[in-house]
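A.B. asks: Take a look at the following structure, please.
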Amino acid sequence: MVNQKQLVKEIGFTHEDFAALLDKYDYHFSPGDIVPGTVFSIEPRGALIDIGAKTAAYIPIQEMSINRVDAPEEVLQSNETREFFILTDENEDGQLTLSIRRIEYMRAWERVRQLQTEDATVRSQVFATNRGGALVRIEGLRGFIPGSHISTRTAKEDLVGQELPLKFLEVDEDRNRLVLSHRRALVERKMNRLEVGEVVIGTVRGIKPYGAFIDIGGVSGLLHISEISHDHIDTPHSVFNVNDEVKVMIIDLDAERGRISLSTKQLEPEPGDMVKNRDLVYDKAEEMAAKFREQMMAKQQGVTVQPEALSAEEEPPAAVAPEEEEAIVSAVEE
């Protein structure tokens with residue numbers, strides 16, 4: 001029979017050798033790693049997690065979720081296995097600090113970037129307001145809606161608790177900026193119900209040197225100065241006043257930019273009628289719009305239209321300057 005001393009001698013492996021082997025193959029954990037771990041013990045303000053290190057790692061309650069947590073049991077259960085983010089290196093006791101919040105945070109930014117790429121509309125409840133706008137949470141991340149992008153008659157401070165449809169304006173993880181627009185979401189929804197060539201009734205809400213902003217059912221369209229009349233217009237103020245009710249035709253819908261372009265020029269029976277006889281333009285609006293739609297359809301079908309049939313359509317709208325673009329985007333009634 002082989003005695004123990006003889007066996008140890010033949011194997012050539014001591015307790016010291018075993019300890020050295022463990023040290024040699026011990027996995028090196030680094031901050032930023034994501035590792036699996038099992039809940040070892042739940043404590044009042046945190047939990048001990050077995051991740052295979054020499055000492056159980058620790059996750060404080062504030063690192064357990066991207067949302068507020070009052071007790072560890074809201075997130076973790078004993079013997080539960082899940083992924084953890086290594087937040088800090090070992091302390092003097094050889095213990096690592098872990099986080100679940102960081103994993104949720106990274107995945108939340110990844111999700112909102114995807115939603116922005118898809119130009120998705122999301123819904124979220126306002127949880128607070130400040131002088132600049134309103135605060136919401138998207139995928140657990142805090143988002144901000146500037147006051148200029150809140151389109152509602154409700155007082156800003158009364159928005160708390162209300163759920164709003166929103167579009168993404170800015171998603172910047174590096175700067176921790178998540179900016180959203182309620183107005184753009186509404187514009188897109190309204191635009192889905194509108195058609196190019198449609199005549200609508202609106203109200204003049206603002207006048208600029210380059211055109212008039214017309215409210216059409218809660219969204220704003222631009223009647224560019226070049227689309228007011230075939231006759232030359234020095235300034236839109238010479239034709240319109242704020243709060244005037246007007247008939248306009250939609251000539252372009254740009255959902256991506258949230259822009260609606262309007263025209264009264266295309267509704268003139270004779271060049272200059274918007275200046276000389278506005279009532280006639282409004283009376284003949286549907287008739288002229290029908291001709292405009294016929295011309296559009298003929299162009300789409302590649303049909304040659306006789307020059308005289310183009311009297312209501314001479315030149316395309318002038319290009320919009322960058323400063324006007326921003327005004328278009330922000331010109332919705334508060």
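Rundown of residues vs (1) touching a residue at least 24 places away in the same chain (Cβ under 8 Å); (2) in contact with a Gly (Cβ under 9 Å, 6 or more places away or on another chain); (3) of a type outside the set (K, R), yes/no style:
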| residue | (1), (2), (3) |
| --- | --- |
| D158 | no, no, yes |
| R193 | no, yes, no |
| G202 | yes, yes, yes |
| I207 | yes, no, yes |
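A.B. asks: On to the next question. Looking only at the range 187-209, how many residues end up being open to solvent by 30 Å² or more (accessible area, probe 1.4 Å), within 29 Å of the chain's Cα centre (by Cα), of a type outside the set (D, E) and farther than 11 Å from I260 by Cβ?
C.D. replies: So the count comes out to 6.
A.B. asks: Kindly evaluate E63 against the criterion of being without any contact (Cβ under 8 Å) to a residue 12 or more places away in the chain and not aliphatic (A, V, I, L, M).
C.D. replies: Working: without any contact (Cβ under 8 Å) to a residue 12 or more places away in the chain: no; not aliphatic (A, V, I, L, M): yes.
No.
A.B. asks: Next question. Can you name every residue in the range 247-264 that is of a type in the set (A, V, I, L, M, F, W, C) and either in contact with a His (Cβ under 9 Å, 6 or more places away or on another chain) or open to solvent by 40 Å² or more (accessible area, probe 1.4 Å) (or both)?
C.D. replies: At the first step, the residues of the range 247-264 found to be of a type in the set (A, V, I, L, M, F, W, C) are 248-251, 253, 255, 260, 262.
Once the filter is applied, which keeps residues that are of a type in the set (A, V, I, L, M, F, W, C) and either in contact with a His (Cβ under 9 Å, 6 or more places away or on another chain) or open to solvent by 40 Å² or more (accessible area, probe 1.4 Å) (or both), the range 247-264 yields L253, A255, L262.
A.B. asks: Sticking with this structure for a sec: With respect to G133, is the statement that it is touching a Pro at 6+ places or on another chain (Cβ under 8 Å) and at pLDDT 90 or above true?
C.D. replies: Working: touching a Pro at 6+ places or on another chain (Cβ under 8 Å): yes; at pLDDT 90 or above: yes.
For G133, the condition - touching a Pro at 6+ places or on another chain (Cβ under 8 Å) and at pLDDT 90 or above - is met.
A.B. asks: Out of the range 181-195, which residues are touching a Ser or Thr at 6+ places or on another chain (Cβ under 9 Å), outside any strand (DSSP E or B) and not charged (D, E, K, R)?
C.D. replies: Within the range 181-195, H182, A185, L186, V187 meet the criteria.
A.B. asks: From the list D231, D215, pick out the single residue that is assigned to a loop (DSSP other than H, G, I, E, B), in contact (Cβ under 8 Å) with a residue 24 or more places away in the chain and over 30 Å from T117 (Cβ atoms).
C.D. replies: Of the residues listed, the single one that is assigned to a loop (DSSP other than H, G, I, E, B), in contact (Cβ under 8 Å) with a residue 24 or more places away in the chain and over 30 Å from T117 (Cβ atoms) is D231.
The rows are residues; the columns are (1) of a type outside the set (D, E, K, R); (2) more than 30 Å from R131 (Cα to Cα).
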{"position": "K156", "(1), (2)": "no, no"}
{"position": "R177", "(1), (2)": "no, no"}
{"position": "R189", "(1), (2)": "no, no"}
{"position": "V200", "(1), (2)": "yes, yes"}
{"position": "G206", "(1), (2)": "yes, no"}
{"position": "I233", "(1), (2)": "yes, yes"}
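A.B. asks: Among E313, E325, E294, E286, which is modelled with pLDDT under 80, more than 13 Å from S229 (Cβ to Cβ) and part of a helix (DSSP H, G or I)? I'd like the intermediate steps shown before the answer.
C.D. replies: On the way: E313 fails: part of a helix (DSSP H, G or I); E294 fails: modelled with pLDDT under 80; E286 fails: modelled with pLDDT under 80.
Just a single option satisfies the conditions, and that option is E325.
A.B. asks: Take the residues in the range 52-68 that are among the β-branched types (V, I, T) and open to solvent by 20 Å² or more (accessible area, probe 1.4 Å), then tell me which one is farthest from P31 (Cα to Cα). Spell out the reasoning first.
C.D. replies: Going through the range 52-68, the residues among the β-branched types (V, I, T) turn out to be 55, 59, 61, 66.
Those still in the list that are open to solvent by 20 Å² or more (accessible area, probe 1.4 Å) too: 55, 66.
Details: T55: 16, I66: 19 Å.
Once the filter is applied, the top-ranked residue is I66.
A.B. asks: Can you name the number of the only condition in (1) closer than 25 Å to E245 by Cβ; (2) among the aliphatic types (A, V, I, L, M); (3) within 24 Å of the chain's Cα centre (by Cα) that V160 fails?
C.D. replies: (1)
A.B. asks: Among T121, T81, T97, T117, which is the only one that is open to solvent by 50 Å² or more (accessible area, probe 1.4 Å), of a type in the set (S, T, Y) and over 30 Å from R257 (Cα atoms)? Full working, then the answer.
C.D. replies: Details: T121 fails: over 30 Å from R257 (Cα atoms); T97 fails: open to solvent by 50 Å² or more (accessible area, probe 1.4 Å); T117 fails: over 30 Å from R257 (Cα atoms).
Just one listed residue meets the conditions, T81.
A.B. asks: Scanning for something open to solvent by 30 Å² or more (accessible area, probe 1.4 Å) and of a type in the set (V, I, T), does the range 135-149 turn up at least one residue?
C.D. replies: So far as the range 135-149 goes, no, none of its residues is open to solvent by 30 Å² or more (accessible area, probe 1.4 Å) and of a type in the set (V, I, T).
A.B. asks: Given the residues R177, R183, which is the only one that is crowded, with 20+ Cβ neighbours inside 10 Å and farther than 19 Å from K276 by Cα? Write out each step before concluding.
C.D. replies: Numbers: R177 fails: crowded, with 20+ Cβ neighbours inside 10 Å.
Answer to the selection: R183.
A.B. asks: Oh, and also: Write out, first by first residue and then by second, each pair whose Cβ atoms fall under 9 Å of each other, whose residues are 6+ apart or on separate chains, and whose first residue, in the range 248-265, is of a type in the set (D, E) while the second is open to solvent by 30 Å² or more (accessible area, probe 1.4 Å).
C.D. replies: Matching pairs, first to second residue: D252/V196; D252/R259; D252/P317; E256/D119.
A.B. asks: For the range 210-246, how many residues are open to solvent by less than 60 Å² (accessible area, probe 1.4 Å), charged (D, E, K, R) and modelled with pLDDT under 95? Walk me through how you get there before you give the answer.
C.D. replies: First, the residues of the range 210-246 that are open to solvent by less than 60 Å² (accessible area, probe 1.4 Å): 210-231, 233, 235-236, 239-240, 244, 246.
If we keep only those that are charged (D, E, K, R) as well, we get 215, 227, 231, 244.
Now narrow it down to the ones that are modelled with pLDDT under 95: 215, 231, 244.
Of the residues in that region, 3 qualify.
A.B. asks: Another question about this same structure. Of F213, F240, which residue is under 30 Å from S181 (Cβ atoms) and over 34 Å from the mean Cα position of the chain (by Cα)?
C.D. replies: Values: F213 fails: over 34 Å from the mean Cα position of the chain (by Cα).
It is F240.
The values are calculated or read from the model by the stated rules, or taken from the named source; none is laboratory data. Predicted model only: the values in this text are computed from it and were never measured. Note: ideal-geometry Cβ built from the backbone for every residue, glycine included; neighbour counts use all protein chains shown. SASA here: full protein model, heavy atoms, side chains in, ligands and nucleic acids out. Shrake-Rupley method; radii C 1.70, N 1.55, O 1.52, S 1.80 Å.
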